[in-house]
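The structure appears right after this line, and notes come after that.
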Amino acid sequence: MSLSTASLSEFLASHPSVIRIALTRVRGSSPRNEGTEMFVTSQALWGTIGGGQLEYLAIDAARHMLRDGTLQRDLDMPLGPEIGQCCGGRVEMRLTRMRASDKRAAQDRAHQTDAALPHVYVLGAGHVGRALANLFQHMPVNCVLIDTRPEEIALNTANVETRISALPEADIWNAPAGSAFIVLTHDHALDFLLTSAALERGDAAYVGMIGSATKRAKFKNWAHNNCDGQTTRHLNCPIGASGSRDKRPSVIAAFVAAEVMAELTSETAAAAPQWAPESPISGSQQGREGRLA
């Protein structure tokens, strides 16, 4: 169970009266897609439908339902001057008081969403690898941090899967199709081996290797001589190079994570499940979370 799914389960279990807000139809520009849901109690929130006045008004309507006992309500909101937003679209939503079966269904959807998340393999648990894990733990991916060195894995504090692997290329071979692979081990020869294994799959969403333009050229020559002329056309190296020359691990990780997420979401964003993996937030924060349309 992921951190977000566990958080939702705990939230629903600890609040007997919960209103589910679900976007049922979206027309034009909107901060979230159809199918997005959030959960509201008298004092707390879980998830977001996009923030701003849209969310503020939906939360207010949900809490009115909790006070007056209404079981279901439909809202149709234009995202324009009427509510102080300028998206220009229109959102329809359904607000429902949740029964026990509704809570179980919400948890089932969360589990299904978790199972469908893309995998990101961070191969190397050094400073940059651990910084990447710290970022990916908050993103809609299943992150796996792999290293041959137990002492480096032990330094990880992120809530991601960790593996001490004597044969990390086997983890690459057994990864699901569409996975992302970020290679940044302590050994250039191992980097070359793992990068070649990731490229050889032919179905990776992203393959990146830490290093310089010189390292890329050396890998290209190595792959040509040792891997039947393997192409480097789909290799990202240097990784995260488009953003900054700053070499601090946290900064490198930020640009690499952005690069990977851009690749993972470029084709699938419209079809991706839209439940929001968020932690519960207090009532004092209502309407302030998420993006303003």
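Every read-out reported here was derived from the displayed coordinates using simple, explicitly stated rules and does not represent laboratory data. Keep in mind that this is a model prediction, so the values were computed, not measured. Glycine gets a Cβ as well: all are built from the backbone with ideal geometry, and neighbour counts include every protein chain shown.
Taking the average, over residues, of other Cβ atoms within 10 Å as the packing measure, peptides 193-202, 94-103 rank 193-202, 94-103 from highest down. The relative contact order of the range 119-265 comes to 23 percent, based on Cα pairs under 8 Å that sit 6 or more residues apart. For Val120, the residues 5 or more places off, or on other chains, whose built amide H falls under 5 Å of its own are Asn142, Cys143, Val144, Ala180. Given their separation in residues at 0.36 nm each and the Cα-Cα distance between them, Arg27 and Cys227 gain 67.0 nm when the chain is fully extended. Mean separation of Cα pairs under 8 Å and 6 or more residues apart, divided by the residue count, gives the chain a relative contact order of 24 percent. Principal-axis analysis of the Cα atoms of the chain puts helix 3-14 at an angle of about 20° to the longest axis.
For the range 166-175, the Karplus equation 6.51 cos²θ - 1.76 cosθ + 1.60, evaluated at θ = phi - 60°, returns couplings of 6, 9, x, 5, 5, 5, 5, 4, 8, 6 Hz by residue, with Gly and Pro reported as x.
The range 116-139 and the range 176-200 have Cα centres lying 14 Å from one another. Rounded to the nearest 10 degrees, the inclination of helix 52-68 to the longest alpha-carbon principal axis of the chain is 50 degrees. Computed from the C-beta positions of Ala177 and Ala154, the FRET efficiency with R₀ = 30 Å rounds to 0.45. Taking a straight Cα-Cα cut-off under 17 Å and skipping sequence neighbours fewer than 8 places away in the same chain, the aspartates and glutamates within cross-link reach of Lys215 are Asp187, Asp191.
Using Cα atoms only, what is the angle between the long axis of helix 188-201 and the major principal axis of the chain, expressed in degrees (0 to 90) to the nearest 10? So the inclination is approximately 60 degrees.
Only Cα sites of the chain enter the Debye sum here, all with the same form factor; the resulting log10 I(q)/I(0) across q = 0.10, 0.13, 0.15, 0.16 1/Å is -0.63, -0.92, -1.08, -1.16, listed in q order.
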